[in-house]
Amino acid sequence: VVKKRQSAELPLDEVAVFTEPVAAAFRILEQIDIAATDVVVVLGDGKLGQVVAQVLQRTGCNLVVVGRHPVKLARLSARGIRTAESGTLPPRTVDVVVECTGSPEGLALATRLLRPRGTLVLKSTYAGATSVAIGRFVSGVTPRHRVTYDGRTFDIVAAQNSDERRRELRLDLRERNL
């Protein structure tokens with residue numbers, strides 16, 4: 001039993017359901033600087049991807065959302081946000097990738113799209129194992145740490161686990177020229 005003065009009136013369900021995704025989207029702008037000249041790709045056209053795209057659009061960056069659902073992509077297009085289907089963007093050309101797909105395939109695509117020294121922002125949580133082991137880079141990362149993925153080797157120049165509860169991890173990668 002809770003006393004009335006100790007309780008708070010909650011917003012309508014339609015509003016409350018978006019509280020966490022909106023907070024996660026704005027958190028990106030606290031974590032990294034996004035310039036108007038940056039090429040930014042949001043992977044995923046679900047609720048989180050939709051919200052992240054709308055927040056990042058305000059930066060004036062060169063924004064593209066990659067998704068699989070024509071109806072969801074059309075909603076973003078109606079808001080003036082460029083969209084693309086998976087596989088249509090050239091590899092190694094993106095400054096910032098925000099991964100919101102919730103699937104290991106999204107993480108693999110993110111690593112293919114990132115330019116050398118690009119920034120990967122992970123907003124997904126994965127139900128199963130991923131093909132890229134990122135958990136060991138959560139803390140204590142120095143430029144000497146490396147990861148090899150899909151035949152490419154990256155130096156991890158920074159990693160930050162900014163929120164334990166959401167398992168949010170940001171890696172700054174610099175591709176090694178061997």
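Quick notes on this structure:
- Applying a threshold of 7 Å to beta carbon distances and a minimum spacing of six or more residues, or different chains, the list of pairs starting in the range 15-37 at a residue that is over 10 Å from V121 (Cβ atoms) and ending at one that is open to solvent by 80 Å² or more (accessible area, probe 1.4 Å) reads A16/L10; P21/K47.
- The range 15-34: number of residues that are of a type in the set (A, V, I, L, M) and within 15 Å of R117 (Cα to Cα): 2
- Subset of the range 63-77 [open to solvent by less than 90 Å² (accessible area, probe 1.4 Å), aliphatic (A, V, I, L, M) and over 16 Å from L109 (Cβ atoms)]: L63, A74, L76
- Count - residues of the range 46-62 that are open to solvent by 10 Å² or more (accessible area, probe 1.4 Å), of a type outside the set (A, V, I, L, M) and either within 19 Å of A108 (Cβ to Cβ) or in a helix (DSSP H, G or I) (or both): 5
- G87 being free of Cβ contacts under 8 Å to residues at least 12 places away in the same chain, open to solvent by 40 Å² or more (accessible area, probe 1.4 Å) and in contact with a helix residue (DSSP H, G or I) (Cβ under 9 Å, 6 or more places away or on another chain): yes
- Enumeration of residues in the range 63-106 that are in a loop (DSSP other than H, G, I, E, B), closer than 17 Å to I28 by Cβ and of a type outside the set (S, T, N, Q): I81, C100, G102
- Of note, G49 satisfies the criterion of being of a type outside the set (V, I, T) and touching a strand residue (DSSP E or B) at 6+ places or on another chain (Cβ under 9 Å).
The values are calculated or read from the model by the stated rules, or taken from the named source; none is laboratory data. Predicted model, so just to flag it, every value in this text is computed and none were measured. Ideal geometry is used to build each Cβ from the backbone, glycine not excepted, and the neighbour counts take in all protein chains shown. We work out accessible area using only protein heavy atoms, side chains counted, and drop any ligands, DNA or RNA first. Shrake-Rupley method; radii C 1.70, N 1.55, O 1.52, S 1.80 Å.
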